[in-house]
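For reference, the structure is listed below as structure tokens.
Laboratory data are not the source of any read-out in this text; all were calculated from the coordinates shown. Since the model is a prediction, treat every value here as computed from it, not as a measurement. With ideal geometry, Cβ positions are generated from the backbone for all residues, glycine too; neighbour counts draw on all protein chains shown.
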Ligand code: PDD
């Protein structure tokens, strides 16, 4: 695989980053995941806009402008012959040379890393036909979840809690309400109304979420942006999650309780179809 690091395209074995990199020492960095379908980037503009916002919130300078970032994405897709899959981008506050809690001086260059992952047949995932099972866990992440940082230890622990419970993923709960999934936004459907938590510092503003809500409204579906409890979710007609890597993925079970008839619901299935049609 050919990867990108700080201006160079290299075989992955030759790509290196300093042990003093603040991404490594402090999780001081941000990232984006953009999916590739049929060789094309999905929602690139949304991802790069959110990247710029994350960088701004972290008081970090952009390592390259939008056109340069688009060019690097396209070049990696081309060099690695990615038909379906994703491009991962990470920017950290660079490697100042010493470990120091204070941010380094302005002249320290950020570290920009991108790589691809190939996932042939991504859009035709058989998992989407069956749906996934989730467990609820307390949300023990930090308070700025609107920034897409590489600080992913708790989501990773949450994923392991889900797998140990024989499930696929976890939905995190705070003050009695679902925030989001470990790496996706969470939704329920009740009496035809699509319900998903409102945007705030408590969740990531998903690029897929924005697109799916737009398509839902265009299709005259009703949308309510508000929190919901795990109990409300278990009594809902449908549930699903969205992310750049799963698009729209039905949720058929929550804490061992079947949602609706325990099969992917019609709203989730329709939104998945619309999203994929619009992205291809
Ligand atoms: N995760 N919420 C969280 C906590 C996420 O990590 C993600 C994305 C989302 C969905 O955002 P989007 O629709 O823009 O992908 C919501 C990516 C896919 C990841 O960490 O791999």
(request) Give the peptides 29-35, 6-12 in descending order of average Cβ contacts within 10 Å, highest first. (result) 29-35, 6-12
(message) Take residue 127 and residue 223, extend 7 Å from each Cα along the Cα→Cβ direction, and tell me the distance between the two endpoints in nm.
(response) 2.4 nm
(message) Report the Cα-based extents of the chain along its three principal axes, largest first, to the nearest Å.
(response) 55, 39, 34
(message) Between helix 66-79 and the chain, what is the angle of the helix's C-alpha long axis to the longest principal axis, kept within 0 to 90° and rounded to the nearest 10?
(response) 80 degrees
(request) Let me have the relative contact order for the range 240-280, percent, based on Cα pairs under 8 Å that are six or more residues apart. (result) 35 percent
(message) If the elastic network links every pair of Cα atoms under 10 Å, which of 227, 46, 143 fluctuates the most in the Gaussian network model of the chain?
(response) 143
(request) Could you tell me the largest-minus-smallest coordinate of the C-alpha atoms of the range 136-280 on each of the three principal axes, in descending order and whole angstroms? (result) 37, 31, 27
(message) If I take R0 = 22 Å and measure r between the Cβ atoms of residue 64 and residue 1 in this structure, what FRET efficiency does the formula 1/(1 + (r/R0)^6) give, to the nearest 0.05?
(response) 0.60
(message) For a quick check: sort 44, 247 by the number of other beta carbons within 10 angstrom, fewest at the front.
(response) 44, 247
(request) Could you grab the relative contact order for the chain? Cα pairs under 8 Å, six or more apart, rounded to a whole percent. (result) 18 percent
(request) Can you tell me the order of 15-25, 170-180 when each peptide is scored by its average per-residue count of other Cβ atoms within 10 angstrom, highest first? (result) 170-180, 15-25
(request) State whether the range 62-150 is rounded, prolate or oblate according to the following rule on the C-alpha gyration tensor (a ≥ b ≥ c being the square roots of its eigenvalues): a/c under 1.5 gives rounded; otherwise a/b larger than b/c gives prolate, and the remaining case gives oblate. (result) oblate
(request) Determine the relative contact order of the range 127-279: mean sequence separation of Cα pairs under 8 Å and six or more apart, normalised by residue count, in whole percent. (result) 26 percent
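Is the C-alpha gyration tensor of the range 2-120 telling us rounded, prolate or oblate? Criteria: a/c under 1.5 is rounded; beyond that, a/b larger than b/c is prolate, otherwise oblate.
Cα axes put the range 2-120 in the prolate bin.
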(request) Give the peptides 124-132, 230-238 in descending order of average Cβ contacts within 10 Å, highest first. (result) 230-238, 124-132
(message) If each residue of separation counts as 0.36 nm, what is the full-extension length gain between residue 152 and residue 79 once their alpha-carbon separation is subtracted?
(response) 23.4 nm
(request) Can you grab the distance from the C-alpha centre of the range 226-265 to the C-alpha centre of the range 131-180, Å, no decimals? (result) 14 Å
(request) When a/c is below 1.5 the answer is rounded, else prolate if a/b is larger than b/c, else oblate, so apply that to the range 6-55 with a ≥ b ≥ c taken from the square roots of the Cα gyration tensor eigenvalues. (result) oblate
